[in-house]
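Heads up, the thing below is written out as structure tokens.
The values are calculated or read from the model by the stated rules, or taken from the named source; none is laboratory data. Note that this is a predicted model, so its numbers are computed, not measured. Don't worry about glycine lacking a Cβ; one is built from the backbone with ideal geometry, like all the others, and counts go over all protein chains shown.
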Amino acid sequence: MTFLRKSLIAAITGAGILALSVASASAAIVCSGTVCWHVHETYDYPPGARVIIHPDDWAADPGDHYIFREHEGRGYWADDTWTDW
């Protein structure tokens with residue numbers, strides 16, 4: 001194979017891998033009242049959860065007092081309690 005052909009194959013392979021990794025990446029910030037946390041997957045929360053889903057680059061307004069509590073798994077914060085579902 002020529003150098004040009006090898007370079008082209010490498011570029012196409014790299015672009016394909018990058019496209020797959022970007023397509024599968026999903027992130028958001030979810031808040032319940034003033035408690036927020038990061039999620040890595042998009043969930044359909046139950047209506048009783050009363051959560052608001054923000055994009056990953058969301059930032060609270062100055063003067064707002066949000067608390068971030070991280071937790072693994074599918075669920076939501078209700079006051080100080082993590083509720084799995």
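General observations
- Filtered residues of segment 61-85 (kept if in a loop (DSSP other than H, G, I, E, B), in contact with a Ser or Thr (Cβ under 9 Å, 6 or more places away or on another chain) and surrounded by 13 or more Cβ atoms within 10 Å (Cβ to Cβ)): 66
- In segment 70-84, the residues that are without any contact (Cβ under 8 Å) to a residue 60 or more places away in the chain and more than 15 Å from residue 50 (Cβ to Cβ) form Cβ pairs under 9 Å with partners that are acidic (Asp, Glu) and in a strand (DSSP E or B), at six or more places apart or across chains, as follows: 73/84; 74/84.
- Extreme residue, modelled with the lowest pLDDT, among residues of segment 41-60 that are assigned to a loop (DSSP other than H, G, I, E, B) and either among the hydrophobic types (A, V, I, L, M, F, W, C) or touching a Ser or Thr at 6+ places or on another chain (Cβ under 8 Å) (or both): 42
- Identity of the residue in segment 40-60, among the hydroxyl-bearing types (Ser, Thr, Tyr) and within 12 Å of residue 29 (Cα to Cα), that ends up surrounded by the fewest Cβ atoms within 10 Å (Cβ to Cβ): 42
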